[in-house]
Amino acid sequence: MNLNVVVSLLLLLVSTATCCPPSDRRALLAFRAALHEPYLGIFNSWTGQDCCHNWYGVSCDSLTHRVADINLRGESEDPIFERAHRTGYMTGHISPAICDLPRLSAVTIADWKGISGEIPTCITRLPFLRTLDLIGNQISGGIPNDIGRLHRLAVLNVADNRISGSIPKSLTSLSSLMHLDLRNNLITGLIPSDFGRLTMLSRALLSGNRLTGRIPESLTRIYRLADVDLSGNQLYGPIPPSLGRMAVLATLNLDGNKFSGEIPQTLMTSSVMNLNLSRNLLQGKIPEGFGPRSYFTVLDLSYNNLKGPIPRSISGASFIGHLDLSHNHLCGRIPVGSPFSHLEAASFMYNDCLCGKPLRACLKS
């Protein structure tokens, strides 16, 4: 065998070893066949034998040369979008062929507006999956019941779709989950009572659904939880005081539900900086107890049934950027000084008998 033949064989072997396997290429082409993208031509690069190089949105593991990442986002700063002066629009569905990519660790098929169909149930058989981001489409059906099999999953984002059904019981088995975003779907039922098993969770965004029931006490025991958004649901019952004792909770949005009872005093001196309890059925007085630890970029208690005066201790808060106490039954004199000196009348309107700046002057007694 002459030298040229040996070199050619060696180059062929090296090339084969660094290409994606034919099975991965077939799976990608079957996945692509279920989608229609009419404007940008992002799939024009999906040609040739090697799907690991220059296939738009496809990345491979550097050691195994298996497809590891599908990253297709319809709103992007990528030059292909800038040249077209538009965001993306894609129709079709997510083919079960995606499940024939056994080394997938990240799937992002986001913000395409027109992708419909259901999440393939076989996706729960991808043992290395860490990110599933399908935000901003028209995906329907439920979250796969055995989603809890994905023990490496750190990000689950299906916001802004038409997902229905309840939160699967197995979801609380996702021991690595850090970011959960189910916002703006059609999800019904209860928040699982064992939600606290998600010990790595830092963001729980469940707003804009049809969830009912109470906030499970176990949720308040997730030490890393910093952002909770349950707004725009049909949740009811009292607000657990233990929410105010969470170590790093910074944002708590419970607006647009049916919560009743009194506002827990613990929330006034908690780590929460963005607190929105508006549009509920809360009663009683605004709790006293504001102090130097009270720091709010937003404090919205509007559209409730709160009575009594504005607590004088609120002047002792270290900072309140936006305060809204409108549409309640508050009465008495609005305290002077910070934060009231920079607030507008809209923060206090539609109460029973509040007076003082920035509303009408109080009658002298």
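Remarks
- Looking across the stretch 170-188, the residues that are over 18 Å from Gln138 (Cα atoms) and either assigned to a loop (DSSP other than H, G, I, E, B) or open to solvent by 10 Å² or more (accessible area, probe 1.4 Å) (or both) come down to Ser170, Ser173, Leu174, Ser175, Ser176, Leu177, Met178, His179.
- The residues in the stretch 148-169 that are among the basic types (Lys, Arg), farther than 15 Å from Leu129 by Cβ and part of a loop (DSSP other than H, G, I, E, B) can be counted, and the count is 1.
- Residues that are at pLDDT 90 or above and touching a Gly at 6+ places or on another chain (Cβ under 9 Å) within the stretch 57-87 comprise Asp69, Ile70, Asn71, Leu72, Arg73, Gly74, listed in sequence order.
- Only one entry in Ile80, Ile94 is open to solvent by less than 50 Å² (accessible area, probe 1.4 Å), within 18 Å of Gly136 (Cα to Cα) and among the aliphatic types (A, V, I, L, M), namely Ile94.
- Residue identified as surrounded by 15 or more Cβ atoms within 10 Å (Cβ to Cβ), under 26 Å from Leu35 (Cα atoms) and among the hydrophobic types (A, V, I, L, M, F, W, C) among Ile191, Ile215, Ile135, Ile167: Ile135
- Filtered by the rule that a residue be at pLDDT 90 or above and among the basic types (Lys, Arg), the stretch 309-356 gives a lone residue, Arg333.
- Considering only residues in the stretch 64-104 that are free of Cβ contacts under 8 Å to residues at least 12 places away in the same chain and in a loop (DSSP other than H, G, I, E, B), the one that is nearest to His53 (Cα to Cα) turns out to be Asp78.
- Filter result for Val107 (more than 22 Å from Asp24 (Cβ to Cβ), of a type in the set (A, V, I, L, M) and in contact (Cβ under 8 Å) with a residue 12 or more places away in the chain): no
- When the criteria are applied in full, Ile109 meets the requirement of being open to solvent by less than 10 Å² (accessible area, probe 1.4 Å), at pLDDT 95 or above and touching a strand residue (DSSP E or B) at 6+ places or on another chain (Cβ under 7 Å).
- Residue list for the stretch 299-322, restricted to those being open to solvent by less than 40 Å² (accessible area, probe 1.4 Å), of a type in the set (Ser, Thr, Tyr) and within 26 Å of the chain's Cα centre (by Cα): Ser302
- Test: Arg293 is at pLDDT below 90, within 28 Å of Ser260 (Cβ to Cβ) and within 31 Å of the chain's Cα centre (by Cα): yes
- Matching residues, the stretch 327-362, being assigned to a helix (DSSP H, G or I) and under 22 Å from Leu277 (Cα atoms): Phe340, His342, Ala345, Ala346, Ser347
- Odd one out for Leu267, checked against (1) of a type in the set (A, V, I, L, M); (2) touching a Phe, Trp or Tyr at 6+ places or on another chain (Cβ under 8 Å); (3) open to solvent by less than 20 Å² (accessible area, probe 1.4 Å): (2)
- Some residue of the stretch 311-318 being outside any loop (DSSP other than H, G, I, E, B), closer than 23 Å to Gly261 by Cα, among the small types (Gly, Ala, Ser) and in contact with a His (Cβ under 9 Å, 6 or more places away or on another chain): no
- Of the residues making up the stretch 269-290, at least one is within 16 Å of Ser231 (Cβ to Cβ), among the aliphatic types (A, V, I, L, M) and either assigned to a loop (DSSP other than H, G, I, E, B) or modelled with pLDDT under 95 (or both).
The values are calculated or read from the model by the stated rules, or taken from the named source; none is laboratory data. These numbers come from a predicted model, not from an experiment. So basically every Cβ, Gly included, is an ideal-geometry build from the backbone, and we count neighbours across all protein chains shown. Protein only, heavy atoms only, side chains kept; ligands, DNA and RNA dropped before computing areas. Shrake-Rupley method; radii C 1.70, N 1.55, O 1.52, S 1.80 Å.
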